[in-house]
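Take a look at the structure below.
The values are calculated or read from the model by the stated rules, or taken from the named source; none is laboratory data. Quantities reported herein were computed from a predicted structural model and do not represent experimental measurements. All Cβ positions, glycine included, derive from the backbone under ideal geometry; neighbour counts span all protein chains shown.
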Amino acid sequence: MSTYHAPVKEYRLLLETIAPLSELSALPHFAEATPDTVFAIIEESAKFANEVLDPLNWSGDQEGARHNPADNSVSTPKGFKTAYDAYCAMGGAALPMPEAFGGLGMPRSLITLTDEMVHSSNMSFGLLPMLTQGAIEALLLAGSDELKQIFVPKMVSGEWTGTMNLTEPQAGSDLALVKTRAEPQPDGTFRIFGTKIFITFGEHDFTENIVHLVLARLPDAPEGVKGISLFAVPKFLVNKDGSLGARNDAQCVSIEHKLGIHGSPTCVMQFGDAGGAVGYVVGEVNRGLEYMFVMMNLARFGVGLQGVGIAERAYQRAVAFARERVQSRDVGAPKNPSVPIIRHPDVRRMLLRMRAQTEAARALAIATGYAFDLAEAHPDAEVRKANQAFVELMIPVHKGWATEMAQDVTYQGIQVHGGMGFVEETGAAQHYRDARITTIYEGTTAIQANDLVGRKMAREGGVTAKALITTMRAFCAELAKSSNPHLKASHKRLVEGIDAVERAVEFNLGNFNQNVRACFAGSVPMVKLFGIVCGGWQLARVALAAEQRINAGSDDRAFLEAKIATMRYFADTMIPEAIAAAEVIVNGSEGTLALAEAAF
């Protein structure tokens, strides 16, 4: 079975081109994020992913998490707790968090890559720090000073972890249906009663306390999403001196049996069976969904990174197998001996499809991470505003496209293995199973798509989308100056892809008020269109930088030429799929809506 190797050289190139560290570390907010510091963190994170997390991925999948009915505890797979302790000791939990609460204050550009490594090497493990990061952000945004002091430092250090509790048996994506109730108490706390399902790491044996962020309704709350409040409900109550007190009335009553991510417990949480779980309101009452979406946005960005990470791992495994598996003679040489299957054109096609999509999605992710950083720390208010708008437009694109891309890449990974991919022993099937959830949790692809065409495009009149088109066209003017034949061909395709984006945006804006169902009928193709073209734009930025380095005499020519070749493949084979998606958006709605409901 192959082993994971973090693509550190790839990361270095991205941090010198798409998210230039020299510019980030010049900002006072990120003065500590010098290239030397950042690359040292990447090397240490890569070592941890390669040597600690990757060896536990297969065994964790086979063993799985276990619920213990006698005391409602949960046991995680062998080695996971030790790995978590090592992760916290190396500062993994603290990397992106504010220094005021014990964090290291590193930029999102770096966290994008360190998180990808965790998800590549062990996606089940990576869910816990990902969700804890989001819970911390929600508390920092809306929590009182007292709540921040009680919970945040311990969560930043990794001593405690966090969850998000949204979903209920009758309320999946439609949170207006939430029934969990919160009853106010004379001392200012609340008693929480209700059931939450699909709660990742709702119970585990890593840490002594878990801080659940729970959506619930007060007795006098208005109907719908405007009546939802957010509460911090710790597993153990916290005494005034910071020590742990009594066990709270919050229990994991079972865990789910799932297609994949077996190493992470997905819990059914019961609040209030013994008098009510003590909860503390986060922010103002009836604004819980607003606060939770801060956590949700980070979680959606993180799930997109899961798509990138699992795709990278599936690609590495497929390449290793293709180099070793000897099968059939080379095409055009029927009298020669059988060759490794990487020689066969169709295997090369599959591997390139895996590679190109993964690299494009990664480049788009780090471009979004860089925009996160500029939106937070740039001294110019207009620059902050423009980058925040870009981030908000890209979140549904990144989450939707990168996770759908992962379905294709892990599928191709099994196909490269042939029959050996269909059996569990090679490991290819685990990536396929693990990837499947990424298009579902934290909002399905359709939810991302509806967010893109509705809130992020139509609601603002397409201002950010049109600005993005202008930016991509300006880059194409630079790309047109290249003398490399592969980049010249890529330029032509990328321009066609941008034209397709513009056509689809104009259709959406022109029809949203008159024929909104037609717009939503093409919303998922819109995610694909934006993902491929924006990913291709970022991939072309890397390829153009690679050409410039080659021309300057770089001694890493083979690596850089591979960037250009990968872009050429993407341009020739993926951008036509984007153009086809635009055709579906503009002309496909009548067919989508033609069949009578009773005929299904």
Tabulated pairs, region 462-479, first on the phi < 0 side of the Ramachandran plot, second among the polar types (S, T, N, Q) and part of a helix (DSSP H, G or I), C-beta under 9 angstrom, 6+ apart or interchain: Ala465/Asn508; Leu479/Ser490
Of residues in region 42-51 being surrounded by fewer than 20 Cβ atoms within 10 Å (Cβ to Cβ) and in contact (Cβ under 8 Å) with a residue 40 or more places away in the chain, the one nearest to Ala86 (Cα to Cα): Glu44
Subset tally (residues that are of a type outside the set (Ser, Thr, Tyr), crowded, with 20+ Cβ neighbours inside 10 Å, in contact with a helix residue (DSSP H, G or I) (Cβ under 6 Å, 6 or more places away or on another chain) and over 18 Å from Ser264 (Cα atoms)) for region 104-136: 5
Hits in region 222-240 - residues which are at pLDDT 95 or above, surrounded by fewer than 18 Cβ atoms within 10 Å (Cβ to Cβ) and in a loop (DSSP other than H, G, I, E, B): Asn239
Qualifying residue in region 40-63 (condition: farther than 21 Å from Arg313 by Cα and part of a helix (DSSP H, G or I)): yes
Region 223-239 - residue that is among the aliphatic types (A, V, I, L, M) and in contact with a Gly (Cβ under 8 Å, 6 or more places away or on another chain) and, of those, nearest to Val278 (Cα to Cα): Val233
Residues of region 64-88 satisfying the condition of being of a type in the set (A, V, I, L, M) and part of a helix (DSSP H, G or I): Ala83, Ala86
Every residue from region 552-571 that is surrounded by 15 or more Cβ atoms within 10 Å (Cβ to Cβ) and charged (D, E, K, R): Glu561, Lys563, Arg568
Selection from region 467-491 of residues that are surrounded by 15 or more Cβ atoms within 10 Å (Cβ to Cβ) and farther than 12 Å from Trp537 by Cβ: Ser482, Asn484, His486, Leu487
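A quick yes/no check of all residues on (1) touching a strand residue (DSSP E or B) at 6+ places or on another chain (Cβ under 7 Å); (2) among the aromatic types (Phe, Trp, Tyr); (3) within 29 Å of Ala142 (Cβ to Cβ):
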{"site": "Lys240", "(1), (2), (3)": "no, no, yes"}
{"site": "Leu259", "(1), (2), (3)": "no, no, no"}
{"site": "Phe271", "(1), (2), (3)": "yes, yes, yes"}
{"site": "Val282", "(1), (2), (3)": "yes, no, yes"}
{"site": "Glu290", "(1), (2), (3)": "no, no, yes"}
{"site": "Gln306", "(1), (2), (3)": "no, no, yes"}
{"site": "Gly309", "(1), (2), (3)": "no, no, no"}
Long-range neighbours under 9 Å by Cβ, at least six apart or interchain, first residue in contact (Cβ under 8 Å) with a residue 60 or more places away in the chain and surrounded by 24 or more Cβ atoms within 10 Å (Cβ to Cβ) within region 398-420, second among the small types (Gly, Ala, Ser) and outside any helix (DSSP H, G or I): Lys399/Gly443; Gly400/Gly443
Answer from Ala477, Ala429 - the residue that is of a type in the set (A, V, I, L, M, F, W, C) and in contact with a helix residue (DSSP H, G or I) (Cβ under 9 Å, 6 or more places away or on another chain): Ala429
Residues that are surrounded by 21 or more Cβ atoms within 10 Å (Cβ to Cβ), outside any loop (DSSP other than H, G, I, E, B) and of a type in the set (A, V, I, L, M, F, W, C), drawn from region 1-38: Leu14, Leu15, Leu21, Leu24, Phe30, Val38
Conditions (1) crowded, with 24+ Cβ neighbours inside 10 Å; (2) closer than 29 Å to Arg503 by Cα; (3) more than 25 Å from the chain's Cα centre (by Cα); number of the one not met by Ala546: (2)
Region 143-179: number of residues that are assigned to a helix (DSSP H, G or I) and farther than 24 Å from Gly92 by Cα: 5
Pairs where the first residue, in region 527-541, is part of a helix (DSSP H, G or I) and the second is buried (at least 24 other Cβ atoms within 10 Å of the Cβ) and among the hydroxyl-bearing types (Ser, Thr, Tyr), C-beta under 7 Å, 6+ apart: Ala540/Ser490
Test: residue in region 253-262 that is touching a Leu at 6+ places or on another chain (Cβ under 8 Å), part of a loop (DSSP other than H, G, I, E, B) and among the aliphatic types (A, V, I, L, M): yes
Single unsatisfied condition, Gly134 versus (1) in contact with a Lys or Arg (Cβ under 8 Å, 6 or more places away or on another chain); (2) touching a residue at least 60 places away in the same chain (Cβ under 8 Å); (3) under 26 Å from Ile437 (Cβ atoms): (1)
Subset of region 180-205 (residues that are surrounded by fewer than 20 Cβ atoms within 10 Å (Cβ to Cβ), in a loop (DSSP other than H, G, I, E, B) and not acidic (Asp, Glu)): Gln185, Pro186, Gly188, Thr189
Hey, Glu547 out of contact with any Leu (no Cβ under 7 Å at 6 or more places or on another chain), charged (D, E, K, R) and part of a helix (DSSP H, G or I) or not: no
Gly461, sole failed condition from (1) in a helix (DSSP H, G or I); (2) more than 23 Å from Glu577 (Cβ to Cβ): (1)
Tally, over region 22-44, of residues that are more than 17 Å from Glu116 (Cβ to Cβ) and under 24 Å from the mean Cα position of the chain (by Cα): 4
